[in-house]
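Engineer: Mind looking over this structure? Questions follow.
Rule-based calculations on the coordinates, nothing more; no lab input. Here the structure is a predicted model, which means the values were calculated and not measured. Counting neighbours? That spans all protein chains shown, and the Cβs are built from the backbone with ideal geometry, glycine included.
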Amino acid sequence: MSVRVSVDGLRKGFTRHLLDGCRVEVLRGVTFEVAAGSCTVITGPSGSGKSSLLRCVHGSYHCDGGSLVLRSGNTVLDVATAGARELIGARRRLMSLATQFLEAIPRVAAVDLVAATGVGRAEAAGLLLHLGLDERLLEAPPATFSGGERQIVTIARTLATGRPLLLLDEITASLDPGRRERVLAAVRERKREGATVLAVFHDVPRLSGLVDEVRTMRDGALVAA
Amino acid sequence: MSPAALELRSVTVRYGPGCPACADADTAPVRCARCGAVLGCRRLSLDVLPGEVLGIVGESGSGKSTALACANLDLVPTAGRVLVGGDDVTDARGGARRRIRSDRLGIVYQTPQQGLDLDVTAGGNVAVRLLASGWRGFDEIRRRVLGLLAEVELPGDRADTPVSLYSGGMRQRVQLARALANSPAVLLLDEPTSGLDVSVQARILDLVRRIHEETRMAMLVVSHDLGVIRTLAQRLLVMHRGRVVEEGLCDQLLSDPQHPYTQLLVSSQL
């Protein structure tokens, strides 16, 4: 099962009540489509709204206007207007977000964090090792891991869910070139299996068979590349 | 759809006599200047479906513990209804109320003194709960008690030690074992890790998470600690001065708070 993402006129801003209600617009009517089973990369300078866009798709940010529709089989969900329980259900079935930062549960070992997505421990361990985590770290909680090691745990968790829409936010920012290649190859593998990928990268990954479309954002809007 | 495991419908709690000046919960001040009555919460509505974990955050005095006390039938609301598993239990009194609390609800209080008799052994504290639900055979009760203590990672050989000799974290585990004794439909957690050091706090949270994963029990967690809520809850209510000022997905509220008070709360997090 694949997911098609249709974003139409999406607007998002932040009202900073602690700064006298100052308003910051971060998405100004964004419209684009990600075909089922394809990979779209959003790129652009820092602060252009890339991560906010991804968080709106995931429902971690409220949307102020426009629509953000996910279609998969008989399921049609407008994330922009969905209620909390609908979003919880959609996340469980359809999508998984990997960010640059791991929000780990204290005391839980890396392998168990990945296994908690529903895969067995052996499969979780295999995935972590495949992505380049040191075997000695499998049974350790990631609280003391380096940024790159944490990132591998985050990516492994996202890939392990097997959900058909992968939302990836700068997932290779802390990785060395070798591990970066491994991670991108694993994402390409999930895409080959049918997953839709919407990813934010500063530099568009050069890996054949991964990226279908590149969109550039500037000041909260998509611009011609 | 199955009924909510727990539901509060437009619940208002007024501490004190009340007077015409504070009769309207929507407009009355938190503390009435004329009669001195205090509004604990006003027109609070929430529901927790089976398998869900709902969090309530807010500063001290925001009304979150009042909400929990109503849910546990410790307090009778001034107005509004309390439903457990779809049954209206607002007016339950005496034996009926004790049975609901014993069989369908479990609670872990902020301080162990509220939930345990410290002079009684850990096993005794848990067994009381079973006895209240009609368990009678000694061997059967003993087996269940030891099983529950093991479930909350307490050594069985400490079952006959008075709780007063336990550490803070162990006392919270005994409360948890007692709350789980009758496999309640709803587990209520009132600041379950308050006052514990961070490593003990993490172990208690880990334990609650594991219990939720294994039992899919509905849970209502009250805390002023956003870390606790983020670890346990899927949905979240933010309370301020007795009202719900914002509600939604936990990560949404913490990463994109809309209400001024929620923004203040999130920005104050250490």
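Engineer: Read phi for every residue in the stretch A:70-85 and hand back ³J(HN,Hα) as whole Hz from Karplus 6.51 cos²θ - 1.76 cosθ + 1.60, θ = phi - 60°, with x for Gly and Pro.
Structural biologist: Per residue, the Karplus-derived 3J(HN,Hα) values read 9, 10, 8, x, 8, 8, 10, 9, 8, 4, 5, 10, 5, x, 4, 5 Hz.
Engineer: I would also like to ask the following. Sequence-distant or interchain residues sharing an amide H contact under 5 Å with B:Thr161, placed H: which?
Structural biologist: Amide H neighbours of B:Thr161: B:Ala122, B:Gly123.
Engineer: What FRET efficiency would be calculated for the residue pair A:Ala185, B:Thr161, taking the C-beta separation as r and a Förster radius of 51 Å, to the nearest 0.05? Intermediate results must be reported in sequence, preceding the final value.
Structural biologist: Numbers: r = 56 Å, r/R0 = 1.10.
Taking R0 as 51 Å, the efficiency between A:Ala185 and B:Thr161 is 0.35.
Engineer: Using Cα pairs closer than 8 Å and at least 6 residues apart in sequence, work out the relative contact order for the stretch A:82-220, in percent. Intermediate values should be presented prior to the final figure.
Structural biologist: Details: 179 pairs, mean separation 37.7, N = 139.
So the answer I get is 27 percent.
Engineer: Now for a different question. Loop only by DSSP, 14 or fewer other Cβ within 10 Å of the Cβ. Give me the GluC sites (Glu not before Pro) in the stretch A:118-207 that pass, ordered by residue number. Spell out each step's value before the answer.
Structural biologist: Numbers: sites: A:Glu123, A:Glu135, A:Glu139, A:Glu149, A:Glu170, A:Glu181, A:Glu189, A:Glu193; in loops: A:Glu139, A:Glu170, A:Glu193.
When the GluC sites (Glu not before Pro) of the stretch A:118-207 are filtered for loop state and at most 14 Cβ neighbours within 10 Å, A:Glu139, A:Glu193 remain.
Engineer: I'd like the Karplus ³J(HN,Hα) series for the stretch A:56-65: coefficients 6.51, -1.76, 1.60, θ = phi - 60°, whole numbers in Hz, and an x wherever there's a Gly or Pro.
Structural biologist: Each residue of the stretch A:56-65 in turn: 5, 4, 6, x, 7, 10, 5, 9, 8, x Hz.
Engineer: For every other residue with a beta carbon closer than 10 angstrom to the beta carbon of A:Leu159, add +1 if it is Lys or Arg and -1 if Asp or Glu, then tell me the sum.
Structural biologist: Working: positive: A:Arg157, A:Arg163, A:Arg190; negative: A:Glu189.
Here the charged neighbours net out to +2.
Engineer: Label point 7 Å out from B:Val198 along Cα-to-Cβ: which residues of the stretch B:237-270 have amide N under 20 Å?
Structural biologist: B:266-270
Engineer: If you put +1 on each Lys and Arg Cβ and -1 on each Asp and Glu Cβ, how big is the dipole of chain B around its Cα centre, in Debye rounded to 20?
Structural biologist: Details: 31 positive and 30 negative charges, 139 e Å.
So the dipole magnitude of chain B works out to roughly 660 debye.
Engineer: Once Lys and Arg get +1 and Asp and Glu get -1 on their Cβ, which of B:Ile107, B:Ala177, B:Thr90 lies farthest toward the positive end of the dipole of the stretch B:47-182?
Structural biologist: It is B:Thr90.
Engineer: Could you compute the net charge surrounding A:Arg11? Neighbours are other residues with a C-beta less than 10 Å from the C-beta of A:Arg11; K and R count +1, D and E count -1.
Structural biologist: On the way: positive: A:Lys12, A:Arg28; negative: A:Glu25, A:Asp64.
Charge balance near A:Arg11 sits at 0.
Engineer: Quick one: dipole size for the stretch B:8-47, taken about the Cα centre, charges +1 on Lys/Arg Cβ and -1 on Asp/Glu Cβ, in debye to the nearest 20. Provide the component values of the computation, followed by the final result.
Structural biologist: On the way: 6 positive and 3 negative charges, 21 e Å.
Dipole size: approximately 100 debye.
Engineer: Here's a follow-up. Give, as ranges by residue number, the residues of the stretch B:230-251 whose backbone N falls under 15 Å from the point 7 Å along Cα→Cβ of B:Tyr15.
Structural biologist: Within reach of a label on B:Tyr15: B:241-243.
Engineer: If pairing requires two Cys Cβ atoms under 4.7 Å apart, which cysteines of chain B are left without a partner?
Structural biologist: So far as the 4.7 Å Cβ criterion goes, B:Cys41, B:Cys70, B:Cys250 stand without a partner in chain B.
Engineer: State to the nearest 20 debye the size of the charge dipole of the stretch A:21-133 about its Cα centre, where the only charges are +1 on K and R beta carbons and -1 on D and E beta carbons. Please report the intermediate quantities before stating the final value.
Structural biologist: On the way: 11 positive and 8 negative charges, 23 e Å.
For the stretch A:21-133, the charge dipole is close to 100 debye.
Engineer: For the protein assembly as shown, what does the alpha-carbon gyration tensor say about shape, rounded, prolate or oblate, given a ≥ b ≥ c as the root eigenvalues, a/c under 1.5 as rounded, and a/b over b/c as prolate?
Structural biologist: Details: a/c = 2.27, a/b = 1.44, b/c = 1.57.
Here the protein assembly as shown falls in the oblate category.
Engineer: Run the numbers on the stretch A:77-153 and let me know its relative contact order in percent, using alpha-carbon pairs under 8 Å that are six or more apart. Before the final figure, lay out each step's value.
Structural biologist: Values: 57 pairs, mean separation 25.2, N = 77.
Relative contact order comes out at 33 percent.
Engineer: Could you grab the relative contact order for the stretch B:1-75? Cα pairs under 8 Å, six or more apart, rounded to a whole percent.
Structural biologist: Numbers: 104 pairs, mean separation 25.7, N = 75.
Dividing the mean separation by the residue count of the stretch B:1-75 yields 34 percent.
Engineer: On a 0 to 90 degree scale, rounded to 10, what angle separates helix B:94-103 from the longest Cα axis of chain B?
Structural biologist: The two axes meet at around 70 degrees.
Engineer: Once you place label points 7 Å from the Cα toward the Cβ at A:His130 and A:Ala224, how far apart are they in nm?
Structural biologist: Computed distance between label sites A:His130 and A:Ala224 equals 4.2 nm.
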